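The values are calculated or read from the model by the stated rules, or taken from the named source; none is laboratory data. Computed from a predicted model, the values in this text were never measured in an experiment. For neighbour counting, all protein chains shown are included, and Cβ atoms are generated from backbone atoms with ideal geometry for every residue, glycine included.
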Amino acid sequence: MSTWQDLVTASLLGTERTAVPLVAVPGVPTPADAPGDPAAILLDRAALLTVARRGGRPAERAEPLPATEPDPAPTVSPAAGRRLARMLGGEPPDLLAEWLTAAVTRGRRAPAYLLPALLDRARRVTPADPELRLLAAKAGGSRARWLAGLNPDWTFVTAHARPGDDAWRLGDAGQRRGYLTALRAHDPGAARELIAGNWDAAGPDERVMFVNVMAGGLSLADEPLLEAALDDRSAWVRKMAADVLAALPGSALAQRMAERAGRCLRLDRGIRGTRLFRSPGQPVERWLAKAAAVLRDEGIPASSAHVIESVRLAEALAALRGRPLAGLEEVTEAARSVLCEGSDLLTALIQRRLVVGERLGTVPPATPMVPLQRDLQDQQRHLRLRPGAEPRDYDLDLRKPNDLARSRLLYRLALLDVAWGTPLQGRTPNIGTFRESWQLTWRPELDLALIEASMWGSTVAAAAAQRARSIAAGATALDELTALTERCLLADLGDALPAVLAAVRDRAALEVDVTHLMAALPALVRAARYGDVRGTDPARLGEVAVEMITRVCAGLPAAVASLDETAEQAMRERIDAVNSATGLLADGACRDRWLDTLAVLARGDDPPDPPAWAWAPGARR
Amino acid sequence: MSVSRVRVATVAERWDRVRVLALAPDAPSQRVAQSLASGRAWPLAGAAGPGALWGECRGSAVTPYRTVVDLTGPAYRCSCPSRKFPCKHALALLLLWADGSVKDDVGEPPEWAASWLTARAAKVGHTQAGEPGEPKDPKTAARRAEQREARVATGLAELDRWLCDQVRQGLAASQRAGYGHWDDIAARMVDAQAPGLAERLRALASVPYSGAGWDGRLLEEYALLRLLAVAYRRSAEPPPPLLATIRSRVGFSLRQADVLAGGQPVRDHWQVLARRDLKQDRIRTRRTWLRGRKTGRTALVLSFAPAGQALDDTLTVGTDADADLVFYPGAVPLRAVVLGKHDALDGSPPAGDTIAGLLAGYAAALAADPWLDSWPAVLEVTPARSPAPAVSDAAGHALPLHPGAGDCWPLFALSAGHPVTVAGEWTPHGLWPLTAWDEGGRVVPL
């Protein structure tokens, strides 16, 4: 329909650039010129037309295929059909040739729906083995020939012919093989002489085929020829000849192989396990046994033999040093040498678990504390986020206000260098954006970090904002500032944003490289336009985005000068991304500015002096 | 002299091997279970009460694996580390029982089996008591429902804006966009608790790379999504059946218990026409099409299973099921759930329709539910080529086959130029043949 195609073309180009065509939907009165967003109008018209086209679709015409003549042979029984299906599905044992032979000799044909799979399987067989193809063609009957007419892959079904004498002189490898096989079945001696006569002139592939043919109807008279084949130049021929000869009972090869195998076999005996008896009250043994248990919990093998040896070593060390009983030093050294096999890491693990222990003490609430610590404690109580020494995993659902507040607290603490939580990636396979995973571990060093951070402010929020401002003032690279902006947005530090943005402005005015800004822009604009799950104020995001676009426009003409090929490709993609991003923002002035910049680039002039709007007050020229 | 009283143990009726093997999640499990099902591997095994089996299997670990099976379920529990469900030990125990090698009169089950069985019985009793869907606290349920409606409304408004932005900027950009473009908006739909929309959006990611005509297909999908968003926004206007369809397409799913309680069961001899399995993320879906012999209604039964578990196998293609079905509410009631199956009978091939009849039926259904994109088709057709694979009927009409169905060689081989009865799904992109009946009346899944 021409009107549907017009709608599709208009949607490809975009309603920014073309007008929405008027379509005639059967049965629906067309409004003359509906007011409203052109994109929405186009989609509405497209919806009406889609349903109309789907419902009113006429049937097509097709050429029917010629019918086959009915096949007189009956199908095999359902059980046999199921077995064939399993074999074609790849289940061992692969007795396909036997099944087909049995079916053909009884005059049955294979079930029709399995024929395509059977013919595909027969096609994949190498051309030097046409028996399977012949059997498949026979078992398929007239249906197989009809199918072969439709699919060029299966022409072997119709092209096959019984080999006559001409096949030997004039035929290809497959036909020669067929002839030889038939001859071998009928007169093994004649076949052997034919092979012997043609042996020297044949290439390695053909010799392999000869050996295969000789495998049928094998007798001791074939032995001299096959023994000669054992010394052939081609490894494949030698291997095939050895296989065939090994199957021949009474052959010299079989006897030689039996002698060689007899020299290699012997019997093995097993060892019974030992038992350990322990008497309670022996500290050294108990400590080392606990250490072994710690190692086993971590999945490191520590057997009872290790423990026995380490006990002996500890006692020996104690005796050497003149001590009545092995002390902590001796026991640790014995554990290091025997249980941990010299590894410092494992020794540290044992030390931490057994010697140091892991339990966190608490301080009474009346202790004088820095105001920041007190604020943090209040927040922890309010948000039900207790500090613990063992790592704990939290999955926060950002749509809930409590979890959102927890996430913000953790990001603010991260800004203050109090790394209480680490974000986890991909803990649960999750398809929405509302889930955030954190692992929280409280270490005593964090208390010290908190005391250090208290110079920034007396509450967590104020301290984080002040710290953000100080980082912004001291930052040297633009990508640091862009990352800092993102962290401020995640931690919801609206007061710090103006200072950070001012720093971005100053920094960007001096730097030529705007690639980081361009890379960060699309995600920011998407969040501004469609909202994000954290509920960040879109106006604030919009401010940041507008600022970034301004910087990008100012710096772009210089950035695209003299790029090599890979950088050019990357820049092209970034320009595309920024282009669609600027289209999404509602700010018309921004879009115009961007289009002007692109026009300048397209004209290819030298980059002009930046216009007045690029200079913010206070920036150095 | 008194005759000793014969102790009648109330053991559940024995299953047969085929039914047990059908529970296996994959073929290797079947093989291993068959090799494990010998008395030597099970030093302890017993059966008790209405459908409980337990056993200890000697495995490669030091302690034997303990397996308990509850036949009224069926539910399994085994201490082996296998992730498959049911594991090979449970299957082997069931096979042993099916062969009659598990003794019924060993006495009470051991403590580890008894505790699990009683806990399960308590849980089942508890859910059945709360079955009709009475929430424990109607106020929290009402608040949660309100919250969800609000989130869905905001999410749909966002989707509307996104669709208009796509059309405004031009669909040509979507060819370069990459999967992340649709995954982002689908993730936002998941945030808004509208999973039906999220699925449709993720499925769109492959359309720009699907060959000629991708722009038309993409525009169709966008237009129908916008139709859905607008329809949800104006949800006071449509009649209740259409509203139910709209809500279910957005992603509000009805609990099976509510459907069973609220609908009228339709009893009939339901012919099982066709079956198709889909795999999405971590869930496998089985779509089974049924048609009633007396009422002539078609029904679609969906069953789900996480990856690694076996799908529900009670409806076999080609048989008839004498059952009660309850339909989900909707403008075109297709989806149904089986309330109770009375009997399974052998089926005869269904009567095939003409292509004109199928298209007319689809058009009528589309008038009630514009988002319908799969309609059951039972046709008497001959495969043809136009030159793409197609089917044509006696009146000379033809329908193309769905490109996803491949070359359909088994269908061609079965027909060999003669008409066959084919059952499948009709979609706007073509017919997807699923089952065919050969001249002997035997059913062949395609």
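Every test in (1) outside any helix (DSSP H, G or I); (2) free of Cβ contacts under 8 Å to residues at least 24 places away in the same chain is passed by A:ALA40 save one, and that test is (1).
Look at the stretch B:187-197 and say how many of its residues are more than 7 Å from every other protein chain (Cβ to nearest Cβ) and either of a type outside the set (A, V, I, L, M) or in a helix (DSSP H, G or I) (or both).
5
So is A:ASP564 surrounded by 14 or more Cβ atoms within 10 Å (Cβ to Cβ) and either within 28 Å of B:MET189 (Cβ to Cβ) or not polar (S, T, N, Q) (or both) or not? The answer is no for A:ASP564.
So, A:GLY90, is that one within 14 Å of another protein chain (Cβ to nearest Cβ) and assigned to a loop (DSSP other than H, G, I, E, B) or not? Yes: the conditions hold for A:GLY90.
Residue count for the stretch B:198-229 under the criterion of being closer than 23 Å to B:ARG176 by Cα, of a type in the set (A, V, I, L, M, F, W, C) and either more than 9 Å from chain A (Cβ to nearest Cβ) or free of Cβ contacts under 8 Å to residues at least 40 places away in the same chain (or both): the result is 8. Per the conditions (1) crowded, with 21+ Cβ neighbours inside 10 Å; (2) more than 14 Å from chain B (Cβ to nearest Cβ); (3) under 25 Å from B:MET189 (Cβ atoms), the sole criterion not satisfied by A:ASP537 is (1). No other residue among B:ALA336, B:ALA307 is surrounded by 15 or more Cβ atoms within 10 Å (Cβ to Cβ), aliphatic (A, V, I, L, M) and more than 19 Å from B:THR435 (Cα to Cα) apart from B:ALA336.
One residue stands out among those in the stretch A:8-20 that are in a loop (DSSP other than H, G, I, E, B) and either exposed (fewer than 15 other Cβ atoms within 10 Å of the Cβ) or hydroxyl-bearing (Ser, Thr, Tyr) (or both): the one that is farthest from the other protein chains (Cβ to nearest Cβ), which is A:ALA19.
Looking at the stretch A:445-456, is at least one residue touching a Lys or Arg at 6+ places or on another chain (Cβ under 6 Å), within 29 Å of A:HIS516 (Cβ to Cβ) and part of a helix (DSSP H, G or I)? Scanning the stretch A:445-456, I find no residue that is touching a Lys or Arg at 6+ places or on another chain (Cβ under 6 Å), within 29 Å of A:HIS516 (Cβ to Cβ) and part of a helix (DSSP H, G or I), so the answer is no. Select from the stretch A:431-460 the residues that are under 26 Å from A:ARG534 (Cα atoms), polar (S, T, N, Q) and away from every other protein chain (no Cβ under 14 Å) and list them in ascending order. Across the stretch A:431-460, the qualifying residues are A:SER437, A:GLN439, A:THR441, A:SER458, A:THR459.
Tell me which residues, restricted to the stretch A:544-585, are out of contact with any helix residue (DSSP H, G or I) (no Cβ under 7 Å at 6 or more places or on another chain) and among the charged types (D, E, K, R). Within the stretch A:544-585, A:ASP564, A:GLU565, A:GLU568, A:ARG572, A:GLU573, A:ASP576 meet the criteria. Being within 21 Å of A:LEU585 (Cβ to Cβ) and modelled with pLDDT under 80 holds for only one residue in A:ALA508, A:ALA519, and it is A:ALA508. Only one of the numbered conditions (1) more than 11 Å from every other protein chain (Cβ to nearest Cβ); (2) modelled with pLDDT of 85 or more; (3) outside any helix (DSSP H, G or I) is not met by A:VAL25, and that is (2). Every residue in the stretch B:257-296 that is part of a loop (DSSP other than H, G, I, E, B) and at pLDDT below 85, please. Of everything in the stretch B:257-296, those that are part of a loop (DSSP other than H, G, I, E, B) and at pLDDT below 85 turn out to be B:GLY263, B:ASP281, B:ARG282. Residue under question is A:THR332, and the condition is that it be assigned to a loop (DSSP other than H, G, I, E, B), at pLDDT below 90 and not hydrophobic (A, V, I, L, M, F, W, C); does it hold? It is false that A:THR332 is assigned to a loop (DSSP other than H, G, I, E, B), at pLDDT below 90 and not hydrophobic (A, V, I, L, M, F, W, C).
Go over the candidates B:ALA356, B:ALA363, B:ALA413 one by one and state the one that is at the interface with chain A (Cβ under 9 Å from one of its Cβ atoms), touching a helix residue (DSSP H, G or I) at 6+ places or on another chain (Cβ under 7 Å) and modelled with pLDDT of 90 or more.
B:ALA363
What residue, among those in the stretch B:161-180 that are surrounded by 19 or more Cβ atoms within 10 Å (Cβ to Cβ) and more than 7 Å from chain A (Cβ to nearest Cβ), is modelled with the highest pLDDT?
B:GLN166
For the stretch B:366-378, the set of residues classified as buried (at least 21 other Cβ atoms within 10 Å of the Cβ) and more than 11 Å from chain A (Cβ to nearest Cβ) consists of B:PRO376, B:ALA377, B:VAL378, listed by residue number.
With respect to the conditions (1) more than 14 Å from every other protein chain (Cβ to nearest Cβ); (2) farther than 24 Å from A:ARG54 by Cα, B:PRO238 falls short on a single one, namely (2). Taking the listed residues A:ALA122, A:ALA40, A:ALA62, the one that is in contact with a helix residue (DSSP H, G or I) (Cβ under 9 Å, 6 or more places away or on another chain), within 9 Å of another protein chain (Cβ to nearest Cβ) and buried (at least 18 other Cβ atoms within 10 Å of the Cβ) is A:ALA40, with no other qualifying. Of everything in the stretch B:77-113 that is among the aromatic types (Phe, Trp, Tyr) and either part of a loop (DSSP other than H, G, I, E, B) or more than 12 Å from B:SER29 (Cβ to Cβ) (or both), the residue that is modelled with the highest pLDDT is B:TRP97.
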